[in-house]
Amino acid sequence: MSLRADRAEHRDRPTIRDVAALAGVGIKTVSRVFNDVPTVAPELVERVRTAAEKLGYRPNLTAASLRRTGGRTNTIGLLLEDVSNPYSSAVHRAVEDFARAHGALVLAGSLDEDAQREREMARTLIDRRVDGLIVMPAGQDHRYVLVEQQAGTAFVFIDRPPSPLLADAVVSDNRGAAREAVQHLLKTGRRRVAYLGDDLSIPTAQARFLGFQDALDEAGIHEDGELIHHGLRTAEQAREVAYRLFADATSLPAVFTSQNLVTIGVVQALHELGLQSETALVGFDDVPLAGAVRPGLTVMAQDPAALGRLAAERLFARLGGDESQPSIFTVPTRLVVRGSGELPMPG
């Protein structure tokens, strides 16, 4: 069989008419069977399902859902920074668990901090008739969904609030948590603190850097530009910067890392240089195996599961008719002490 013929064969899917013909019943009877109408005689149900199995027929669940629920598809969209990142993965799982309990399917994708990709993926999901969207935004302007919002599509933003769109948002106290993390580092008696973080165009990264500056200002410590490094998106980028920073250091600064992948890269560099037991470090976001390395990693932990669960709760509340004013919901962070942020000063 040629490739073209094979593709044509796959396009010719069995239809509801084929099932009706093979079962010897009407089309309406087949429809009632797949919509679980209880008044269909058991023997007809058996004939229809047997015919469908022989033909390999699968009902169009989206079309059926649209008919049953007045336009609802029982699907929601979830747009995350990167589904492979542990933080995004935890958010994804929490949303998925909540949606499943409410009979809905989650369609998820990664934005990679690309505003154009965000717009394209949001429109693609809207075109697929999702009932609502949870978005971890990459862009700064979300008016592109205004028409859809006014038409009834529900939107909840997570990790960062939308702008200038009015919609529910579920966030962490990034600035306050970063301030607390750096204050904890300063309790070791160190007066030099390095900052390694993401691009400042990202609102969360900007807020965490402001929290870092707040802590230094309150302690009367002058910010050292040579110890500040922005724009680190991957663990490898962070490892390279940290390796150069600490290999050339005459005295070791403490370190605040403002993102989990950055923390991983810095820890790798410190272990390669043998400085992990001398350099105090606090990271923002927890990381896998943080308690398994020595010393254990002290982190300012967000609660991505709580963020995801609350975002899903807000979305389904909106889908259920909640017309209250949009709000920003803040989920608490917590300092997890494991050893790296409490190391005494060498000597």
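The values are calculated or read from the model by the stated rules, or taken from the named source; none is laboratory data. Everything numeric here is computed off the predicted structure, so don't read it as measured data. When we count neighbours, we look across all protein chains shown, and the Cβ atoms used for this are built from the backbone with ideal geometry, even at glycine.
Once region 220-247 is narrowed to residues that are closer than 20 Å to Arg175 by Cα and touching a strand residue (DSSP E or B) at 6+ places or on another chain (Cβ under 9 Å), the residue that is surrounded by the most Cβ atoms within 10 Å (Cβ to Cβ) is Leu232.
Scanning region 43-68 for residues that are within 31 Å of the chain's Cα centre (by Cα) and either outside any helix (DSSP H, G or I) or modelled with pLDDT of 90 or more (or both) yields one hit, Asn60. Is it fair to say Leu252 is within 20 Å of Ile221 (Cβ to Cβ), assigned by TED's automatic domain parsing to the domain that holds Leu210 and either among the aromatic types (Phe, Trp, Tyr) or surrounded by fewer than 23 Cβ atoms within 10 Å (Cβ to Cβ) (or both)? Yes; evaluated as a whole, the condition is true for this residue. Of Thr279, Thr298, which residue is in contact with a Leu (Cβ under 6 Å, 6 or more places away or on another chain), farther than 17 Å from Ser88 by Cβ, of a type outside the set (Phe, Trp, Tyr) and assigned by TED's automatic domain parsing to the domain that holds Ala249? Within the list Thr279, Thr298, the selection yields Thr279. If you go through region 252-259 one residue at a time, do you hit one that is under 23 Å from the mean Cα position of the chain (by Cα), among the polar types (S, T, N, Q) and farther than 30 Å from Val106 by Cα? The answer is yes; a qualifying residue exists.
One residue stands out in region 189-200 among those that are touching a residue at least 60 places away in the same chain (Cβ under 8 Å) and not hydrophobic (A, V, I, L, M, F, W, C): the one that is surrounded by the fewest Cβ atoms within 10 Å (Cβ to Cβ), namely Gly189.
If you go through region 317-347 and keep only what is surrounded by fewer than 20 Cβ atoms within 10 Å (Cβ to Cβ), more than 25 Å from Gly291 (Cα to Cα) and not hydroxyl-bearing (Ser, Thr, Tyr), you end up with Ala317, Leu319, Gly320, Gly321, Asp322, Glu323, Gln325, Pro326, Ile328, Phe329, Gly347. Could you grab me the full set of residues in region 75-124 that are farther than 18 Å from Asp159 by Cβ and not small (Gly, Ala, Ser)? Residues satisfying the conditions are Thr75, Asp97, Arg100, His102, Leu105, Leu107, Gln116, Glu120, Arg123, Thr124. In the set Phe98, Phe157, only one residue is outside the structural domain of Val282 (by TED's automatic domain parsing), modelled with pLDDT of 95 or more and within 23 Å of Met300 (Cα to Cα); that residue is Phe157. Taking strands (runs of 3 or more DSSP E) as the structural unit, those lying wholly within region 92-158 and holding at least 1 residues that are surrounded by fewer than 20 Cβ atoms within 10 Å (Cβ to Cβ) and within 16 Å of the chain's Cα centre (by Cα) correspond to 105-110.
Pick from region 263-287 the residues that are under 21 Å from Arg208 (Cα atoms) and assigned to a loop (DSSP other than H, G, I, E, B): which of them is farthest from the chain's Cα centre (by Cα)? Step by step, filter region 263-287, then rank; the result is Thr279. Annotation: of all residues in region 317-343 being over 23 Å from the mean Cα position of the chain (by Cα) and of a type in the set (Ser, Thr, Tyr), the one that is farthest from Ala254 (Cα to Cα) is Ser324. Just so you know, in region 176-228 the residues that are of a type in the set (D, E, K, R) and assigned to a helix (DSSP H, G or I) include one that is nearest to the chain's Cα centre (by Cα), and it is Arg208.
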